[in-house]
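Have a look at the structure below before the remarks.
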Amino acid sequence: MRRFRNQPGSNSVYLIAMKQTKIYKFGIAVFATLLLTILPAVALAQGAVDPQLGRRVRHELVTLPYYGVFDNLAYSINGGSVTLYGEVVRPTTRSDAERRVKRIAGVKSVVNNIKVLPLSRFDDQIRAATFRSIANMGGLHRYLRGTNPSIHIVVDRGHVTLEGVVSGEGDRTLAYHAANRVPGVFSVRNNLRVEGSEAR
């Protein structure tokens with residue numbers, strides 16, 4: 001078996017190489033630690049959303065002066081950008097909604113996709129008749145009370161859409177039948193949600 005003898009200077013070269021390796025490993029460890037510390041903070045900052053923003057947007061919408069049972073407003077939030085959508089009877093409700101939301105702290109931009117329903121005496125008659133039909137059906141009148149009723153009736157060229165929240169599946173079905181029996185209604189879309197079935 002051949003044995004290798006230490007040559008002059010071999011120990012110093014080995015020690016230098018080991019020292020450089022330790023420094024390299026230490027550098028990698030420090031970099032990895034900093035990376036793991038910084039990345040979560042960056043991700044948190046990018047995904048941070050004011051939990052109260054949605055509540056403030058909703059409050060501004062439901063307290064609009066002419067927002068009523070024949071209008072329907074909704075919104076979505078992406079960071080500081082708010083998108084408004086839905087249907088309203090008055091053009092001023094559309095513009096007022098955008099103006100109010102724009103002034104909320106934390107809102108950077110507003111996309112207004114709210115549709116103004118066309119003027120129509122026929123649709124006005126359908127609105128009134130559908131309101132009466134639902135109000136007279138099995139205690140559903142309680143959903144039509146107040147400045148911000150639980151059921152909203154949207155009528156567009158004879159087509160009825162029910163929006164909002166009811167307390168049970170039975171009331172949801174009753175509201176659909178009440179709207180569907182109104183003379184002159186072309187179709188009824190039932191978008192009513194049962195309370196507690198989904199979170200906003």
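Assorted remarks:
- Matching residues in segment 54-69 - criterion: being touching a helix residue (DSSP H, G or I) at 6+ places or on another chain (Cβ under 7 Å) and surrounded by 15 or more Cβ atoms within 10 Å (Cβ to Cβ): V57, E60, L61, L64, Y67, V69
- Picking from residues in segment 86-99 that are more than 13 Å from Y75 (Cα to Cα) and of a type outside the set (A, V, I, L, M, F, W, C), the one that is surrounded by the fewest Cβ atoms within 10 Å (Cβ to Cβ) is P91.
- Hits in segment 132-164 (condition: among the hydrophobic types (A, V, I, L, M, F, W, C) and either surrounded by 21 or more Cβ atoms within 10 Å (Cβ to Cβ) or not in a helix (DSSP H, G or I) (or both)): I134, M137, I151, I153, V154, V155, V160, L162
- Counting only residues that are touching a Lys or Arg at 6+ places or on another chain (Cβ under 8 Å) and touching a residue at least 40 places away in the same chain (Cβ under 8 Å), segment 87-104 holds 2 of them.
- Tabulated pairs, segment 171-183, first in a loop (DSSP other than H, G, I, E, B), second of a type in the set (K, R), C-beta under 9 angstrom, 6+ apart or interchain: V182/R132
Conditions (1) of a type in the set (V, I, T); (2) at pLDDT below 95, marked per residue:
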site: Y143; (1), (2): no, no
site: T147; (1), (2): yes, yes
site: S150; (1), (2): no, no
site: H159; (1), (2): no, no
site: G164; (1), (2): no, no
site: T173; (1), (2): yes, no
site: H177; (1), (2): no, no
site: V185; (1), (2): yes, no
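- Within the set N72, N113, the sole residue that is in contact with a Gly (Cβ under 9 Å, 6 or more places away or on another chain), exposed (fewer than 15 other Cβ atoms within 10 Å of the Cβ) and under 30 Å from G184 (Cα atoms) turns out to be N113.
The values are calculated or read from the model by the stated rules, or taken from the named source; none is laboratory data. Note that the structure is a prediction, hence the values are computed from the model and not measured. Every residue, glycine as well, gets a Cβ built from its backbone with ideal geometry; the counts of neighbours run over all protein chains shown.
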